[in-house]
Amino acid sequence: MEHSAPDGVTRSPWWRTAVVYQVYLRSFADADGDGIGDLAGLRSRLDHLADLGVDGIWLNPCYPSPQVDHGYDVADYTGIDPVYGDLAEFDELVAAAHRRGLAVLMDLVPNHCSTEHPWFREALAAGPGSAERERFLFRDGKGERGELPPNNWQSCFGGPAWTRVTEPDGSPGQWYLNFFDSTQADFNWRHPDVVALFDEVLRFWFDRGVDGFRIDVAHGLVKHPALPDWHGTGYNTLGWDRPEVHEIHRRWRRITESYAPERELTLVGEVWVPTVEALAAYLRPDELPQAFFFDLLEQPWHAVAWRGSIDRAFTEIGATGATITWTLASHDVHRAVTRYGIVRPEELPEGVDPNVERIRPKGDVDTVLGERRARAAALVLLALPGSQYLYQGEELGLPEVSDLPEHARQDPGWIRTGGADPGRDGCRVPLPWTAEAPSFGFSPPAAAEPWLPQPEWFAKYAVSEQLGDANSTLELHRAALRLRRGIPGFTGDEFRWMDAPRDVLFFARGGDVACALNFGGESFPLPPGAEVLLSSAPVREGHLPADTAVWLRMEMMTKGGG
């Protein structure tokens, strides 16, 4: 998609202020009736996204894959999995999206590939010491007969991060590193073949019209060359956030910018690091243009926590000159309604990654409270300066489906931990488009059952039930995106805190617009003369109720204090 400004006018790249909608393709819309979403289904629903008011879409992986981790186990980086369509269908989708002014981002998975990838199959067949095995991280095991893993690293999905192979002669053999599932073999990023492969992959899709990539596990890729035991606690700095990874991102930035000025392409890193300062290192001027700011997503429902997180973003990321890329939901975390509605948290079993408790918490949920808070959070998200990413179904106010039957669950994290990790299936249940069972409009009539079962209560969240209802979460998002696009103050860089009680988040944007969110139990009196542009719940007699956000237009605003 081309973006241009009038002659003599300097304009920031589109992605610096874009609202991008994340499409989990297999759960978005099913056109062929097999119970799995596909490219044709997405193309048939593009008008929903254009009418919503987003600027682009990000597709989770749709490459050929055994689908053990639903696309994050890639077997071919330059094809389309037949369950989703083919390259011709993909080209039609890109063209249709561009006609509607929607950019298209894909998902790059460079840390690992499927064990069905031709390279890995060649490595298994070639045996120990072969050139083919050098593209991955094969090592001999410890113990008298090599029966123990090469080191003590743990998989993000539970258990050892190593899997032993059977050699071509049938004997127990070497081990390969897999930081995720055993079907996802980590690449050796010190090997030139791996570097060259991904150069080619980027160019292949850019040349087909793709406008950017979300980079999976962008903090991974490179490991300590000696692969020693990890003797620390928590974040394994021998396997994550290695200094050498930054040169890879510089290389990709150069490829991306080689298409300028005709095209404004972007790369968005999924970077899970312990501090915002560490995140900012990925956003230096010659590295990634964008990286998700997950810090806000991880905060509890408290004004001080949210303000601290927003301040960290401006302090650390703002110093790099990069745009801040905000998000409150994704295919990896529990839905916002559920996270913000937990009233009695439940501790996760010992041994589960502590990050899981922040992004996939368990406990008793008050859905009404969660919906109210998620609506308020959405207005804050869309009022912040920078770029925002919305996960599909958040615009409908969908809660997490937390009671999926065990036989239906497919997330390898849930499987490998025996259910100790709640898993990610509950935020991936196919979307409801209409109120009619059996598939709520996800599939055509007489289709196969959806790949994950939809609960009966999905009916009330259907798109058809919310369209035209001014009080619905869908119409709230449509109104917010319409206002955001129409009021320059919401898309500029200006931001300042306003005076407010400790339990109220109150900030001004450019011109005369502002946003406030009341986290407290007492109502908050709005400034005299303020005009309410939009609110997540009714504002009565000039007072902002608890768990409610509002967008305001005010004639005069003064800078706030601490």
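The values are calculated or read from the model by the stated rules, or taken from the named source; none is laboratory data. All of these numbers come straight from a predicted model, not from anything done at the bench. As a convention, Cβ positions derive from the backbone with ideal geometry for all residues, glycine included, and neighbour counts pool all protein chains shown. SASA here: full protein model, heavy atoms, side chains in, ligands and nucleic acids out. Shrake-Rupley method; radii C 1.70, N 1.55, O 1.52, S 1.80 Å.
With distances taken between every two different alpha-carbon atoms, segment 318-401 has a Kirkwood hydrodynamic radius of 13.9 Å. Within the P(r) computed for segment 179-279, what percentage of the Cα pairs occupies the region above 16 Å? Counting pairs separated by more than 16 Å, the tail of P(r) holds 63 percent. Amide H to amide H distances under 5 Å link Trp433 with Gly441, Phe442, Val463, where only residues 5 or more positions off or on other chains count and H is placed in the peptide plane. For the chain, the fraction of 1.4 Å probe accessible surface lying on carbon and sulfur atoms is 50 percent.
Kirkwood hydrodynamic radius computed over segment 40-131 comes to 14.8 Å, based on all pairs of distinct alpha carbons.
In angstrom, the C-alpha Rg and Dmax of segment 212-357 are 16.9, 53. Dividing the mean sequence gap of close Cα pairs (under 8 Å, 6+ apart) by how many residues the chain holds gives a relative contact order of 13 percent.
Per residue, the convex hull spanned by the alpha carbons of the chain comes to 154 Å³. A Cβ-based charge dipole, computed about the Cα centre of the chain with Lys and Arg at +1 and Asp and Glu at -1, lands at about 1340 debye. As a size descriptor, the averaged projected area of the C-alpha convex hull of segment 389-484 was calculated at 7.3 nm². What the pair-distance distribution of segment 30-76 shows, using all Cα-Cα distances binned every 5 Å from zero, is 5, 19, 20, 23, 18, 11, 4, 0 percent.
Checking every one of the trypsin sites (Lys or Arg not before Pro) in segment 116-216 against DSSP loop status and a limit of 16 other Cβ atoms within 10 Å picks out Arg145, Arg190, Arg208. Once you reduce segment 385-453 and segment 179-241 to the center of their Cα atoms, the two points are 28 Å from each other. For the chain, the share of DSSP beta bridges that are antiparallel, to the nearest 5, is 60%. Of the residues Pro438, Gly489, Gly413, the one whose Cα sits farthest towards the positive end of the charge dipole of segment 401-493 is Gly489 (charges of +1 on Lys and Arg Cβ, -1 on Asp and Glu Cβ, taken about the Cα centre). Calculated accessible area for the chain comes out at 39 Å² per residue, all protein chains present (probe 1.4 Å; ligands, DNA, RNA ignored).
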